[in-house]
1. So which lysines can Lys285 reach, going by Cα to Cα under 24 Å and dropping same-chain residues fewer than 8 places off?
2. List the relative contact order of the stretch 1-77 as a percent without decimals, with contacts defined as Cα pairs under 8 Å and 6+ residues apart.
3. Restricting to Cα atoms and excluding each atom paired with itself, what does the Kirkwood estimate give for the stretch 2-158 in Å?
4. Given a cut-off of under 8 Å on Cα pairs at least six residues apart, what relative contact order in percent is computed for the chain?
5. Given the Cα-Cα distance of Val104 and Arg62 and 0.36 nm per residue of separation, how much length would full extension add, in nm?
6. Give the peptides 214-221, 12-19 in descending order of average Cβ contacts within 10 Å, highest first.
7. Please order Val27, Val69, Val167 by the number of other Cβ within 10 Å, starting at the fewest.
8. Using only Cα atoms, find the angle between the long axis of helix 227-238 and the longest principal axis of the chain, and express it within 0 to 90 degrees, rounded to the nearest 10.
Amino acid sequence: MRLLVLGGTVFLSHAVAAEALRRGHEVVCAARGTSGRVPDGARLVKVDREEPDGVRALAGERFDAVVDVATMSHRWVLDALRAVGADAGHWTFVSSINVYADAVTAGQDERARLHEPIAEEAPPEERIQHPYLYGAIKAASEQAVLERMGERAFIVRSGLIVGPGDVSDRFGYWPARISRGGRVAVPDAADQTTQWLDVRDLAAWIVDAGEQRLGGVFNGVGTAHRLGAFFDRTVAAVGAPDTELVPVPLPVLEAEKVEYWRGPRSMPLWMPDEDAGFCAHDNSKALAAGLRPRPAEETLRDVLADELRLGLDRDRKAGLTAAEEAELLRALEVRS
C-alpha cells in the first residue's frame, strides 16, 4: 500500500507513519518538517498548508490511502481533497468528539447531534470567544470528506489520545506523580468517568482501515473508566509503596484555583459537571470494526518510561508543581 500521511512528524501522525512502515508499506509524509522528523524509511514532501495552494507539491501523485489529522482548518481539508482525493483509494480524517453538541449525556454513539458546521476560518482571537468553534470546524471538515470521498471515507472521532510522545502532559502527569509516592492530591470525583486511547492502538486501527478499505464514522475512543478506578490502577501499576491518594473536595479545588482538565495548576482528566459526558462516549461500533485498546497498565508503564526519559522535574504544560500540590494539601488540612 502507498500511504500519504498529511503530517507524520508529531504524535498520532508520526505513529501512523511508523506503524505503516513496520508493516512494509510505502509511506509519504507531507509536512513542513519543522515540528519533528518523519520516521526512518518515510519520504518527506515539504508542504505548508497555511499557504494558498500549499499542497501543490502533491499534485499528480496517487495513493492507496490518505490520512489527514488537520486540527482546526476546513480549508486545509478542502485543499488536500482537491489535490489528491480524486485518485485516493481510501481517506482517513481524524476528527474529534468535540463535534457533538451535547457534552453532558454519557454513552452517546455516532448518531448523536452535532454542532452546526462552520466552514469559515476564524482568527485566533475569535476562536477564544467561540466555545464550540473547534467542534464546528471539525464537523464541517467531516462533511467535506464524506461528500467528496463517499464510501472511501473513514471518519475517526477521537477523544483523549495518550501514550509515549504525547506533548500535552495531561495523562502523563498522573503516572509521573504517583510513581514518586507520598501523599498525592486527587480530585474528589471518583465516580466521574475518564476515557482515553493509546496512540499506538489508534494508529494501528487507522492503518488497518486503509488496508481493509473500512468506511464510515466511528467514535475512536477507548473504554470509559471511573476516575477513582483509574487512580487505583495507576497506583497498582506504577505507584511507589508509600503512595497515599488524598481526595480533595471540589470546593477546596475551586477556592485554591485549581483548573480542570489541562494547563498550568490543573488536575488533568478531571472535568466540570457540564462536560461530564465528554469522556464517556460509546465505542462499541469501533470495537466491532477492529479497534483493540491495550490494557491500561501497559499504557501507564510505557508513559511513565517516557516521563522518566523526559525528566520528572521538567516544566510541565499540565498538572500541579510540587509546590502547588503542597500548598493545596495544606489548604485541605486547614479546612478539615
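1. Lys138
2. Reported as a whole number, the value is 34 percent.
3. 16.1 Å
4. Dividing the mean separation by the residue count of the chain yields 18 percent.
5. Value of the extension gain: 10.9 nm.
6. Going by the mean number of other Cβ atoms within 10 Å, highest first, we get 12-19, 214-221.
7. In order of increasing Cβ crowding within 10 Å: Val167, Val69, Val27.
8. Value to nearest ten degrees: 90.
Just so you know, all these numbers are worked out from the coordinates, no wet-lab data involved. These numbers were taken from a predicted model, which means no experiment stands behind them. Virtual Cβ from ideal backbone geometry, glycine too; neighbours counted across all protein chains shown.
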